[in-house]
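**Q** Would you mind keeping the following structure in view while I ask a few things?
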Amino acid sequence: MKKAFITGITGQDGSYLAELLLDKCYEIHGLIRRSSSFNTERIDHLYKDFHDPEARIYLHYGDLSISGQLTDMLYDISPDEIYHLGAQSHVRVSFDMPEYTGDVTGLGTLRLLEAIRKTGIKTRFYQASSSEMFGASPPPQNESTPFQPRSPYAAAKVYAYHMVQNYRDAYKLFACNGILFNHESPRRGETFVTHKVTRAATRIKLNLQEKLYLGNMEAKRDWGFAGDYVEAMWLMLQQDTPDDYVIATGETHSVREFVERVFQKLELDYEKYVSIDSRYFRPTEVDALLGDASKARTKLGWQPKVTFEQLIDMMVKADMELAEKEKTLLDAGYRPKGNNCMI
Ligand code: NAP
Ligand code: G4F
């Protein structure tokens, strides 16, 4: 049985990747942060108590900002594959917390690479690089497009990307950068724009919310489905040689178009409900992302399965179910928990 170590297992991608690797009969070790409230909601359906003989997911407390502990953990587990997905991943928040983002999103990668080098374990390493690194470079973007980062998050990811390449060259580590364009799902964090929109529109439909406040609606993104993208991560680590790959759908849509389509599906006119709030604008924006994933298609045999339209349907359906539950509770006199004041 192969062993995988996943950082960010409690995040959107971590949960889909854990599902995929369980299907492939891996033993999974995940890094989780101590939290005063539960933070394992996305993997609760996969988890079995470790006393259960069928348990194949093991969780370990730790933090990407603490190197000694990461080194000990990797030495003890000695995983065949490491999927490094943990990060402060919110671009707008990275402007509020640039130092923290540099530490966790940038140096966190270095800490893991150093842990591999120092322990000498034989492993393969996946780095969650990002299309945000392209920043101001005009679309379409592929593996040869220059990086022009436009946020502390993107700058931290560029640093991590280069450290991966450096450790690959200097120490012959099997280390890959997956340069993934935006990917979404019903498990996407609610402060990212797609989920913020589907959640708000479905709540508006059921009279649970009156308005939706957004920032720059003209930005364009290449949005795919997270479930498809984790397959590409796995494929990268199954190749004979390590390399870097762009993963994208090759289609781009503006935030406005996304909003319009979601509201249309619910037979609502978005212009009646959506207002602009400048606090959601970024000091510097990435105007347009559109990925060219030809290399992944040719070398990995990877291509996305879920279309933009299907992604929207999936997210609207899941959020409508949640909104209906919320309404049922409210109608019965209960106050449902979980409305985020930071959205
Ligand atoms: P996400 O939902 O925000 O998940 C981030 C994960 O990192 C969570 O499990 C989080 O733990 C963990 N984490 C944050 N700070 C940590 C720390 N100091 N120590 C240990 N763990 C920490 O992100 P995602 O959308 O799944 O994305 C996964 C990775 O791909 C990230 O590196 C992201 O930057 C990158 N990426 C994402 C996209 C995209 O469109 N989704 C595109 C390109 C690249 P908690 O649950 O405790 O917060
Ligand atoms: O959903 P977003 O916050 O995603 P963003 O900034 O593109 O970053 C995501 O994708 C990256 C890959 O390219 C990842 F590396 C990163 O970790 C993250 O997963 O914003 C998308 C667009 C932006 O242009 C933003 O300005 O939507 C615009 N937007 C407009 N109003 C908004 C809002 N974004 C958010 N989060 N909230 C708004 O109210």
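**Q** Filter segment 200-225 for residues that are within 15 Å of ligand 1 (Cβ to nearest atom) and not acidic (D, E); which is farthest from A296 (Cα to Cα)? Spell out how you get there, then give the answer.
**A** From segment 200-225, those within 15 Å of ligand 1 (Cβ to nearest atom) are 219-225; that's our starting set.
Subsequent filtering for residues that are not acidic (D, E) retains 219-221, 223-225.
Details: A219: 25, K220: 22, R221: 19, W223: 17, G224: 15, F225: 16 Å.
Among them, the one singled out is A219.
**Q** Does K205 meet the test of being farther than 22 Å from D287 by Cβ and touching a Ser or Thr at 6+ places or on another chain (Cβ under 7 Å)?
**A** Values: farther than 22 Å from D287 by Cβ: yes; touching a Ser or Thr at 6+ places or on another chain (Cβ under 7 Å): no.
Judged against the criteria, K205 is not a match.
**Q** Filtering segment 138-159 down to residues that are among the small types (G, A, S) and surrounded by 18 or more Cβ atoms within 10 Å (Cβ to Cβ), which residue is nearest to the chain's Cα centre (by Cα)? Break it down stepwise before answering.
**A** First, pick out the residues of segment 138-159 that are among the small types (G, A, S): 144, 151, 154-156.
After this cut, where a residue has to be surrounded by 18 or more Cβ atoms within 10 Å (Cβ to Cβ) as well, the list is 151, 154-156.
Details: S151: 17, A154: 14, A155: 17, A156: 15 Å.
The qualifying residue nearest to the chain's Cα centre (by Cα) is A154.
**Q** Let me ask another. Mind listing whichever residues of segment 1-18 are closer than 23 Å to P186 by Cβ and in contact (Cβ under 8 Å) with a residue 40 or more places away in the chain? Talk me through it step by step, then tell me what you get.
**A** Let us first name the residues in segment 1-18 that are closer than 23 Å to P186 by Cβ, namely 6-18.
Correct list: I6, T7, G8, I9, G11, Q12, D13, G14, S15, Y16, L17.
**Q** If you don't mind, there's one more thing I want to ask. Kindly establish whether H162 is buried (at least 19 other Cβ atoms within 10 Å of the Cβ) and within 25 Å of G14 (Cα to Cα). Can you show your working first?
**A** Numbers: buried (at least 19 other Cβ atoms within 10 Å of the Cβ): no; within 25 Å of G14 (Cα to Cα): yes.
It is false that H162 is buried (at least 19 other Cβ atoms within 10 Å of the Cβ) and within 25 Å of G14 (Cα to Cα).
**Q** Restricting to segment 158-213, name every residue that is in contact with a strand residue (DSSP E or B) (Cβ under 9 Å, 6 or more places away or on another chain), more than 16 Å from ligand 2 (Cβ to nearest atom) and in a loop (DSSP other than H, G, I, E, B).
**A** L173
**Q** Given the structure, is E309 within 25 Å of G250 (Cβ to Cβ) and without any contact (Cβ under 8 Å) to a residue 60 or more places away in the chain?
**A** Working: within 25 Å of G250 (Cβ to Cβ): yes; without any contact (Cβ under 8 Å) to a residue 60 or more places away in the chain: yes.
The answer is yes for E309.
**Q** Which condition does V93 not pass, out of (1) more than 9 Å from ligand 1 (Cβ to nearest atom); (2) over 20 Å from the mean Cα position of the chain (by Cα), if it passes all the others?
**A** Result: V93 passes all but (2).
**Q** So in segment 276-319, with the set limited to residues that are among the polar types (S, T, N, Q) and within 11 Å of ligand 2 (Cβ to nearest atom), which one is farthest from Y245 (Cα to Cα)?
**A** Taking segment 276-319 and keeping what is among the polar types (S, T, N, Q), we get 278, 284, 294, 298, 303, 307, 310.
Now drop any that are not within 11 Å of ligand 2 (Cβ to nearest atom), which leaves 278, 284.
Values: S278: 35, T284: 26 Å.
Per the stated criteria, the residue is S278.
Every number in this text was worked out from the coordinates using simple rules, so none of it is lab data. Source: prediction; values computed, not measured. Heads up, the Cβs are rebuilt from the backbone with ideal geometry, glycines too, and the neighbour counts pull from every protein chain shown.
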